[in-house]
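To start, the structure under review is shown below, and the notes come after it.
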Amino acid sequence: MRDLDVRLFGALRPHGPRPTITVSVGDGATVATVRAALAERLASENARALLAASAFATDERVLDDGDPVPEVRELAALPPVCGG
């Protein structure tokens, strides 16, 4: 197991107990594992629904749920946004 910080951005930020939440992941964990662990830490159903639609990224790329968790200390949780 290792600790991984997940930084909350945009509309997700007010739903966390703080802007960065630490989750523990095991060997072979995927981004979906991180999403599930983070969902357990969010207080509301609305926050979990927003998380379900969010992307996860490193400083270099956006990750798919099936991707293995990269060897980084922090991931970003990026909720969907709209604009025009």
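The values are calculated or read from the model by the stated rules, or taken from the named source; none is laboratory data. Remember, it's a predicted structure, so these values are computed and weren't measured experimentally. Every residue, glycine among them, receives a Cβ derived from its backbone with ideal geometry; neighbour counts consider all protein chains shown.
Under the condition of being closer than 20 Å to Asp3 by Cα and without any contact (Cβ under 8 Å) to a residue 24 or more places away in the chain, which residue from the range 28-51 is surrounded by the fewest Cβ atoms within 10 Å (Cβ to Cβ)?
Let us first name the residues in the range 28-51 that are closer than 20 Å to Asp3 by Cα, namely 28-42, 51.
Filter again for without any contact (Cβ under 8 Å) to a residue 24 or more places away in the chain, leaving 36-37, 39-40.
On the way: Ala36: 14, Ala37: 17, Ala39: 14, Glu40: 8.
It comes out as Glu40.
Give the residue that is surrounded by the most Cβ atoms within 10 Å (Cβ to Cβ), with candidates limited to residues of the range 2-27 that are over 19 Å from Asp67 (Cβ atoms) and of a type in the set (A, V, I, L, M).
Leu8
Any idea which of (1) exposed (fewer than 13 other Cβ atoms within 10 Å of the Cβ); (2) under 18 Å from Asp5 (Cβ atoms); (3) at pLDDT below 95 is the one Cys82 doesn't satisfy?
It is condition (2) that Cys82 fails.
Which residues, taken from the range 62-72, are out of contact with any helix residue (DSSP H, G or I) (no Cβ under 8 Å at 6 or more places or on another chain) and either exposed (fewer than 10 other Cβ atoms within 10 Å of the Cβ) or in a helix (DSSP H, G or I) (or both)?
Glu71
Consider Ser44 carefully, then state whether it is under 19 Å from Arg18 (Cβ atoms), modelled with pLDDT under 95 and not acidic (Asp, Glu). Spell out how you get there, then give the answer.
Working: under 19 Å from Arg18 (Cβ atoms): yes; modelled with pLDDT under 95: yes; not acidic (Asp, Glu): yes.
Yes: the conditions hold for Ser44.
In the range 63-84, how many residues are in contact (Cβ under 8 Å) with a residue 12 or more places away in the chain and either basic (Lys, Arg) or over 16 Å from Pro14 (Cα atoms) (or both)?
So in the range 63-84, the residues in contact (Cβ under 8 Å) with a residue 12 or more places away in the chain come out as 63-70, 72-81.
Remaining after also requiring either basic (Lys, Arg) or over 16 Å from Pro14 (Cα atoms) (or both): 63-70, 72-75.
Matching residues across the range 63-84 total 12.
Which of the residues spanning the range 1-15 are in a helix (DSSP H, G or I) and either without any contact (Cβ under 8 Å) to a residue 12 or more places away in the chain or of a type in the set (A, V, I, L, M, F, W, C) (or both)?
Applying the first criterion (in a helix (DSSP H, G or I)) to the range 1-15 yields 10-15.
Matches in the range 1-15: Ala11, Leu12, Arg13, Pro14.
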